[in-house]
Amino acid sequence: QKEVEQNSGPLSVPEGAIASLNCTYSDRGSQSFFWYRQYSGKSPELIMFIYSNGDKEDGRFTAQLNKASQYVSLLIRDSQPSDSATYLCAEVRWGKFQFGAGTQVVVTP
Amino acid sequence: DAEITQSPRHKITETGRQVTLACHQTWNHNNMFWYRQDLGHGLRLIHYSYGVQDTNKGEVSDGYSVSRSNTEDLPLTLESAASSQTSVYFCASSESGGELFFGEGSRLTVL
């Protein structure tokens, strides 16, 4: 069983709407969580990370962490066509990153 | 600017041949990682290192080896390439507690 689970999508989102991505993890010892964006044929790039329970906002992005329920989510507000990509969730324990399979997001004009 | 570079970016080889993918980082990071990415599987960890002379197996290490003789480099070797090892390979590095920085990837095709 994969330790980090994501819905593969594709998640279709109208331009200007909110995209909601979810990620669940099985390791209660996970210390931090990272969201990466990956465009087709490119390497992943960091969006944001979160360590503590609650919400963390960075521009149009909000990460939410609930350690009791073992899930982390990413909200993308005012979605733009440039947000069309695959979003990878990663849990980190002792410096080692474990990734989910990623959720493909398609923003439609 | 600090960076992480991989070579070659594209490689075609034959079954049974030995292949080495190079990874060089100028971040001076202690932690280095090799992942493979296949459709439907995301990024799967092959091997990782927390410092010079330290190497560890990841979840898909069979058929791969690494060595860490200095801080900057972590070459990945496929001892006897198999068609199942056709994939995109990403090298990455980080400092403890920090984000993971990725190279541009190496696309390997094993015929």
- Taking the alpha-carbon centroid of each part, what is the distance from segment A:46-73 to segment B:58-111 in angstrom? 29
- Message: Please report the antiparallel percentage of the DSSP beta bridges confined to the protein assembly as shown, to the nearest 5.
- Response: 90
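Using Cβ contacts closer than 10 Å as the measure, can you line up A:M48, B:M32 from fewest to most? Mind showing how you got there, number by number?
Values: A:M48 18, B:M32 27.
Final ranking by Cβ density, sparse to dense: A:M48, B:M32.
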- For the protein assembly as shown, please report how many Lys pairs fall under 30 Å Cα to Cα, leaving out neighbours fewer than 8 apart on the same chain. 17
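So what is the relative contact order of segment A:26-109, in percent, for Cα pairs below 8 Å that sit 6 or more residues apart? Walk me through the intermediate numbers first.
Working: 160 pairs, mean separation 24.7, N = 84.
This gives 29 percent for segment A:26-109.
Please order A:S73, A:S40, B:S96, B:S7 by the number of other Cβ within 10 Å, starting at the fewest. Mind showing how you got there, number by number?
Details: A:S73 19, A:S40 8, B:S96 11, B:S7 15.
Fewest-to-most Cβ neighbours within 10 Å comes out as A:S40, B:S96, B:S7, A:S73.
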- In percent, what relative contact order does chain B have, based on Cα pairs under 8 Å that are 6 or more apart in sequence? 35
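Values quoted throughout were computed directly from the atomic coordinates according to the rules given, and no laboratory measurement underlies them. Nothing here was measured: the structure is a model prediction, and the numbers come from that model. FYI the Cβ positions are ideal-geometry reconstructions off the backbone, even for glycines, and counts take in every protein chain you see.
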